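Have a look at the structure below before the remarks.
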Amino acid sequence: MKSIPLFDKGRVSMALDFNLDERHHTDEATYAMQLLSVSGVQEKFPAVVDGGRIRLAKDGERSTHILKPAPWDASLNESWLIPVNEHLTMQIAAQVYGIATAANGLCNTPNGHTVYITRRFDISPDGTKYPMEDMATLIGKSEADGGTVFKYRGSYMEIAAAIRRYIEAWMVEMERFFELVVFNYIYANGDAHLKNFSIIRYADDYRLAPAYDLMNTALHVRDEDFALSDGLSPLMPKSDACLRTGHPCRQDFEWFGKEIGLVETRVWRILDQYVSVPDMAQQLVENSQLTEKLRRNYLRIVKERISRFNRV
């Protein structure tokens, strides 16, 4: 499926004419969030474009977009910049590495708050819904069995096995998945859990869904290397560097790529892209709406991950 722009033809104002903080934990917010089959604790609001303006979806109306304001959780460091962080990380994934991502942008509310907006890739141009399942469902993990943290229980090897099981042309999609795992590690996305990977059916073929919910979570919380409790795989040996430092290096990802069925030369091609910070990625960070301090921290975190990655 070709990439879908954030909006259809015509100009759309990115200035919202309503605030979202006043809808926090209100009946309207609760109802709106129930309309979405999207995981996560961050409040999300279904939206549509109407006459060049973005508004919340009404009762019974199918949304085409999702609005994600900054979380109201005061324990998160610089939480008000989480929408900016997500937009930046998604843009780096798409523009620098060519990773297929959900179309996204930034809006502003009348009270000056920045809101992340993304287009629903599970909604077709004619308004019908493409069949989609997240990996937690496909693997058979749920809150009933694993508690509230069920989506963090498992390994990326389990996701690879599900891709191989449910996608006929699995080799192409496996490469996409592998690069996304590497990207999430290098760019410190500690929330790449089971529900943040999905497969979607276009026509008669299932494919890995475009990447979504990408961000450098280490800017806001102290995170582990991987969101999933068992990391890349609990059965795979660890490199000497990983055993010595507790952090994976390139060799661990090389082994993982081979274990999930990728050709060695393709694994190397993907990994070679992550041995340094590309100039375009650095430029996107420096031009972002993050504060100067967070721009420095963003690049510092990525460079630290790359240093671990290159360790032998």
Study note, to complete from the structure: Arg165 vs (1) in a loop (DSSP other than H, G, I, E, B); (2) surrounded by fewer than 19 Cβ atoms within 10 Å (Cβ to Cβ): all pass except (1)
Revision key, fill the gap. The one condition Asn111 fails out of (1) surrounded by fewer than 21 Cβ atoms within 10 Å (Cβ to Cβ); (2) outside the structural domain of Arg201 (by TED's automatic domain parsing); (3) closer than 30 Å to Asp279 by Cβ is (3)
Review point. Is one or more of the residues making up the stretch 257-278 more than 23 Å from Ala103 (Cβ to Cβ), aromatic (Phe, Trp, Tyr) and either at pLDDT 95 or above or within 19 Å of the chain's Cα centre (by Cα) (or both)?
Key: yes
Practice item. Check Ile99, Ile117, Ile82, Ile92 and return the single one that is touching a Gly at 6+ places or on another chain (Cβ under 7 Å) and either outside the structural domain of Asn196 (by TED's automatic domain parsing) or not small (Gly, Ala, Ser) (or both). Key: Ile117
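Table: residues versus (1) of a type outside the set (D, E, K, R); (2) under 24 Å from Arg176 (Cα atoms).
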residue	(1), (2)
Lys238	no, yes
Thr245	yes, no
Trp255	yes, yes
Gly261	yes, yes
Glu264	no, yes
Phe309	yes, yes
Val312	yes, no
Review point. Looking at Ala32, Ala74, Ala47, which one is modelled with pLDDT of 95 or more, of a type in the set (Gly, Ala, Ser) and either in a loop (DSSP other than H, G, I, E, B) or outside the structural domain of Ala218 (by TED's automatic domain parsing) (or both)?
Key: Ala47
Study note, to complete from the structure: Expected output for the stretch 104-121 (first residue closer than 29 Å to Ala209 by Cα, partner part of a strand (DSSP E or B) and among the small types (Gly, Ala, Ser), Cβ below 7 Å, 6+ apart or cross-chain) is Asn108/Ala15; Ile117/Gly105
Practice item. From the list Ala209, Ala218, pick out the single residue that is farther than 26 Å from Met132 by Cα and buried (at least 19 other Cβ atoms within 10 Å of the Cβ). Key: Ala218
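Any residue at all in the stretch 226-244 that's outside any loop (DSSP other than H, G, I, E, B) and of a type in the set (Ser, Thr, Tyr)? Give the steps one after another, and end with the answer.
Taking the stretch 226-244 first, the residues outside any loop (DSSP other than H, G, I, E, B) are 240-244.
From the residues that got through so far, the ones that are of a type in the set (Ser, Thr, Tyr) too are none.
Taking every residue of the stretch 226-244 in turn, none turns out to be outside any loop (DSSP other than H, G, I, E, B) and of a type in the set (Ser, Thr, Tyr).
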Practice item. Please go through the stretch 287-298 and pick out each residue that is within 21 Å of the chain's Cα centre (by Cα) and assigned to a helix (DSSP H, G or I). Key: Leu294, Arg295, Asn297, Tyr298
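In the same structural domain as Asn85 (by TED's automatic domain parsing) and without any contact (Cβ under 8 Å) to a residue 40 or more places away in the chain, is that true of Gly140?
Details: in the same structural domain as Asn85 (by TED's automatic domain parsing): no; without any contact (Cβ under 8 Å) to a residue 40 or more places away in the chain: yes.
No.
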Review point. Ser307 passes all but one of (1) assigned to a helix (DSSP H, G or I); (2) touching a Phe, Trp or Tyr at 6+ places or on another chain (Cβ under 8 Å); (3) surrounded by fewer than 15 Cβ atoms within 10 Å (Cβ to Cβ); which number fails?
Key: (2)
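Here is a yes/no grid of residues against (1) modelled with pLDDT of 95 or more; (2) at positive phi; (3) in contact with a Pro (Cβ under 9 Å, 6 or more places away or on another chain):
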{"residue": "Ala203", "(1), (2), (3)": "no, yes, no"}
{"residue": "Ala209", "(1), (2), (3)": "yes, no, no"}
{"residue": "Val221", "(1), (2), (3)": "no, no, no"}
{"residue": "Asp225", "(1), (2), (3)": "yes, no, yes"}
{"residue": "Gly231", "(1), (2), (3)": "yes, yes, yes"}
{"residue": "Pro234", "(1), (2), (3)": "yes, no, no"}
{"residue": "Lys238", "(1), (2), (3)": "yes, no, yes"}
{"residue": "Gln251", "(1), (2), (3)": "yes, no, no"}
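The values are calculated or read from the model by the stated rules, or taken from the named source; none is laboratory data. Owing to the predicted nature of the structure, the values given are computational and were not obtained by experimental measurement. Don't worry about glycine lacking a Cβ; one is built from the backbone with ideal geometry, like all the others, and counts go over all protein chains shown.
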